[in-house]
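The values are calculated or read from the model by the stated rules, or taken from the named source; none is laboratory data. Being a predicted model, the structure only gives us computed values, none of them experimental. All Cβ positions, even for glycine, are placed from backbone atoms using ideal geometry, and neighbour counts span all protein chains on display. The accessibility values were calculated without ligands, DNA or RNA, using every heavy atom of the protein model including side chains. Shrake-Rupley method; radii C 1.70, N 1.55, O 1.52, S 1.80 Å.
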Amino acid sequence: QVQLVESGGGSVQPGGSLRLSCAASGIFFRIWAMAWYRQAPGKQRELVAQIPSAGSINYLDSVKGRFTISRDNTKNTMYLQMNSLKPEDTALYYCNANTGSLNYWGQGTQVTVSS
């Protein structure tokens, strides 16, 4: 059974930082492409950052230079370090694992940026 469990969300003031984690089980983690998506109220889900098993990392333009995605294949865990957070980063953040033909989602972790 595949499980993706996000953690690390919370409420911060603008300019603050958070580190999200996604713990995966039930998959051969090191060969899967992993990604973070987010969905704000009333908006479509969007890709925030993607880290393949090998190759280039991609970021949403609005988070470049502020967010860093990483993975630890020894711990089956992916991370998203978020710095210089802005109110527009407020959203439910989802962990995604995919191989192209298979696609799995976590339940999401809420990030709220507000003064």
(message) Apply the Karplus curve 6.51 cos²θ - 1.76 cosθ + 1.60, θ = phi - 60°, to the phi angles in the stretch 84-90 and return the couplings in whole Hz, x for Gly and Pro.
(response) 6, 5, 10, x, 6, 7, 4
(request) Please calculate the 1.4 Å probe accessible area of Tyr79, with all protein chains present, and give it to the nearest 10 Å². (result) 30 Å²
(request) Report, to the nearest whole %, how much of the accessible area of the chain belongs to carbon and sulfur atoms, 1.4 Å probe, protein only. (result) 46 percent
(message) Let me check I've understood the local charge: for Leu92, count other residues with C-beta under 10 angstrom from its C-beta, Lys and Arg +1, Asp and Glu -1. What total comes out?
(response) +1
(request) Under 9 Å from the Cβ of Met82, count the other residues' Cβ atoms, weight Lys and Arg +1, Asp and Glu -1, and hand me the total. (result) +1
(request) Calculate the spin-label point distance for Leu47 paired with Ser11, positioning each point 7 Å from the Cα along the beta-carbon direction, and give it in nanometres. (result) 3.3 nm
(message) Beyond 22 Å, how much of the Cα-Cα pair distribution for the chain remains, as a whole percent?
(response) 26 percent
(request) Quick one: what are the phi-derived ³J(HN,Hα) couplings along the stretch 39-46, Karplus 6.51/-1.76/1.60 with θ = phi - 60°, whole Hz, x for glycine and proline? (result) 9, 8, x, x, 10, 6, 5, 10
(message) For the full complex of protein chains and a 1.4 angstrom probe, list Ile31, Ile57, Ile69 by accessible area with the highest value first.
(response) Ile31, Ile57, Ile69
(message) If you count only protein heavy atoms with a 1.4 Å probe, what accessible area per residue comes out for the chain, rounded to a whole Å²?
(response) 53 Å²
